[in-house]
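Inspection log for the structure reproduced underneath, given as structure tokens.
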2 protein chains.
Amino acid sequence: MVNIGILGYGNLGRGVEKAVLKNPDMNLCAIFTRRNPADLNVNSNAQVVSIDEIENWKDKIDVLILCGGSATDLPVQTPKYAKMFNVVDSFDTHAKIPEHFENVDKAAKENNKTAIISVGWDPGLFSLNRLYANAILPDGNDYTFWGKGVSQGHSDAIRRIEGVLDAKQYTIPVDSALEAVRTGKNPELSTREKHTRECFVVLKDGADAKKVEEEIKTMPNYFADYDTTVHFISKEELDKNHSGIPHGGFVLRSGKTSDGVNHIIEYSLKLDSNPEFTSSVLVSYARAISRLNKEGVYGCKTVFDIAPAYLSTKTSEELRATML
Amino acid sequence: MVNIGILGYGNLGRGVEKAVLKNPDMNLCAIFTRRNPADLNVNSNAQVVSIDEIENWKDKIDVLILCGGSATDLPVQTPKYAKMFNVVDSFDTHAKIPEHFENVDKAAKENNKTAIISVGWDPGLFSLNRLYANAILPDGNDYTFWGKGVSQGHSDAIRRIEGVLDAKQYTIPVDSALEAVRTGKNPELSTREKHTRECFVVLKDGADAKKVEEEIKTMPNYFADYDTTVHFISKEELDKNHSGIPHGGFVLRSGKTSDGVNHIIEYSLKLDSNPEFTSSVLVSYARAISRLNKEGVYGCKTVFDIAPAYLSTKTSEELRATML
């Protein structure tokens, strides 16, 4: 059994709790929280423990899964807890991955622990597919499309506009762009040509819809470079039809092996719940990290460093006989 | 530089020759053949060498890529040459993989060589995707569809029918079945519901078309369980429109992380040339095998055992900075 601890009980922490239940070789021991443990209603038999007591669990947990945010939580938490536990995180600030890696690697190596960062689907499974496809088709082009799915960052940006009560934003890949890639045309695609943005907005009483729409559509970085549609709806409608957190996307590589001989490798995800799926990826890599630590492999890893067999409950013999 | 040798110069051997040219860190040293070397017209500067002299190349080649067939060549060649070289093969007789693995593993380990078997897209990339998707979504169903593409085995079966001069058979996935999987319906699909078979047949003079068509459609294992269409065409038309060897397919997993929360992972390939793409996969794993041997990792491996980073020319630092 792999004994799992969760740090942080938001959407991701609750997803990990569900994912552990789907894996009979795993045991959820404890959920660590910065809140008052008595205030947490969890959906499992895991013990709820104050973060202040986490050191007492050093010998009871094989892998601690860090479920905080990339902006402020993980840059501090992952190196800190990699001194005490084998850890898995979903750090997704692409530009800061090298720095984060170095910090976690040092902490883990000095304490004979094993860590893996940036696990999930992007970074994560999408990264894996970029690597495999690039290695196999060195003469080619990469394309990544996201959606259809809810962008938390864009939804938050709309909510900050004066007069907005609530909002959800969907990122939608442009079908004709996807099709152009699939036919091997190797198109050069602008930001606007790849994705559209669709916003469902609830206004506060007396707010100026025209002004809000204008402010959304011209917002730099977030919306100005995209074709954006804004729908004003009631709070009831938003809660009824837009409460899910679906997401997904496509990674494609189009490449040639000789003149006029083209190949398309396409990987796609269609996810009913972004946090539940991300959690499932975290848990499968927790299994790998627990094994590597037992083999005496220490330090920080990424999905690139993990042989696929480590993710599976099956032995190498079983994998060769049933999955190859 | 990784010094590559090729054994066997059919479609696959010619594909490997092209693939090596696309990889600047690789050098094609020699093509080994059972034929008279003087009779071989190769498309590179590689030396053409009789198979009888292969032992003289033991210290000049880092990886020997075996391009023979799975029925009779590879079961003998891979264990034999794993005693002298690091080797890569595309052995694809699924039921015999465990036995082949044991034979190659023993030969390689006894001689401090590194081998990898069953490399390509199925087995190979499709196997990888089955493993990753199963580890991430343990509660789900797997689906594999092949095509649209040419099946060599089915084309050969038609050619053996009396009255048939030549033939090409395409395996075609049924769109409605694929769509049913993509919507998360988890359908149970019969053989007939998953694929159709389309045959282009050139008759010999005086052959009975009706009889040939009947014989194709009722052929056990090959066609009887499928909806099969037969087109009779001229030899000129066959050569003009059906001379390529395209293939591809789809690996899907549909799985739940909690009640009513479903996810679809889909991987697909659309290949202009089956042998050229397979060759490109072989070459990327040759890079990995060469590295593992230098690290002192010996014995037989499969794609499940190779950490993805080993396939890439980039360093781990570069991969983290650019592809994660």
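The values are calculated or read from the model by the stated rules, or taken from the named source; none is laboratory data. Bear in mind the structure is a predicted one, so any value in this text is a computation, not a measurement. Glycine also receives a Cβ, built like all others from the backbone with ideal geometry; neighbour counts cover every protein chain displayed.
Miscellaneous remarks
- Among the residues of segment A:87-103, not a single one is in a loop (DSSP other than H, G, I, E, B), within 23 Å of A:Gly153 (Cα to Cα) and more than 14 Å from every other protein chain (Cβ to nearest Cβ).
This table checks each residue for (1) within 24 Å of the chain's Cα centre (by Cα); (2) within 28 Å of A:Pro75 (Cβ to Cβ).
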| site | (1), (2) |
| --- | --- |
| A:Asn112 | no, yes |
| A:Phe126 | yes, yes |
| A:Leu137 | no, no |
| A:Val181 | no, no |
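- Taken over segment B:19-33, residues that are surrounded by fewer than 22 Cβ atoms within 10 Å (Cβ to Cβ) and more than 18 Å from B:Phe85 (Cα to Cα) amount to 5.
- Residues (hydrophobic (A, V, I, L, M, F, W, C) and either under 12 Å from B:Val119 (Cβ atoms) or more than 9 Å from chain A (Cβ to nearest Cβ) (or both)) located in segment B:307-316: B:Leu311
- Meets criteria (away from every other protein chain (no Cβ under 14 Å) and at positive phi) for B:Gly206: yes
- Top-ranked residue of segment A:282-324 - restricted to ones that are assigned to a loop (DSSP other than H, G, I, E, B) and among the polar types (S, T, N, Q), ranked as surrounded by the most Cβ atoms within 10 Å (Cβ to Cβ): A:Thr302
- Verdict on A:Leu165 being part of a strand (DSSP E or B) and more than 18 Å from the chain's Cα centre (by Cα): yes
- Residue in segment B:150-176 that is nearest to A:Asp25 (Cα to Cα), counting only those that are in contact with a Leu (Cβ under 7 Å, 6 or more places away or on another chain) and surrounded by 15 or more Cβ atoms within 10 Å (Cβ to Cβ): B:Lys168
- Reported count of residues in segment A:283-306, each being aromatic (Phe, Trp, Tyr), facing chain B (nearest Cβ under 8 Å) and more than 17 Å from A:Leu131 (Cα to Cα), is 0.
- Residues being surrounded by 16 or more Cβ atoms within 10 Å (Cβ to Cβ) and out of contact with any helix residue (DSSP H, G or I) (no Cβ under 7 Å at 6 or more places or on another chain) - total across segment A:48-74: 7
- Options B:Pro75, B:Pro24; residue that is modelled with pLDDT of 95 or more and over 23 Å from B:Val104 (Cβ atoms): B:Pro24
- Residue match in segment A:250-268 (condition: surrounded by fewer than 22 Cβ atoms within 10 Å (Cβ to Cβ), in contact with a Pro (Cβ under 9 Å, 6 or more places away or on another chain) and either more than 8 Å from every other protein chain (Cβ to nearest Cβ) or touching a residue at least 40 places away in the same chain (Cβ under 8 Å) (or both)): yes
- Flag if B:Ser280 is among the hydroxyl-bearing types (Ser, Thr, Tyr), touching a helix residue (DSSP H, G or I) at 6+ places or on another chain (Cβ under 8 Å) and at the interface with chain A (Cβ under 10 Å from one of its Cβ atoms): yes
- When segment B:104-137 is limited to residues that are more than 26 Å from B:Gly153 (Cβ to Cβ) and assigned to a loop (DSSP other than H, G, I, E, B), the one that is nearest to the other protein chains (Cβ to nearest Cβ) turns out to be B:Leu137.
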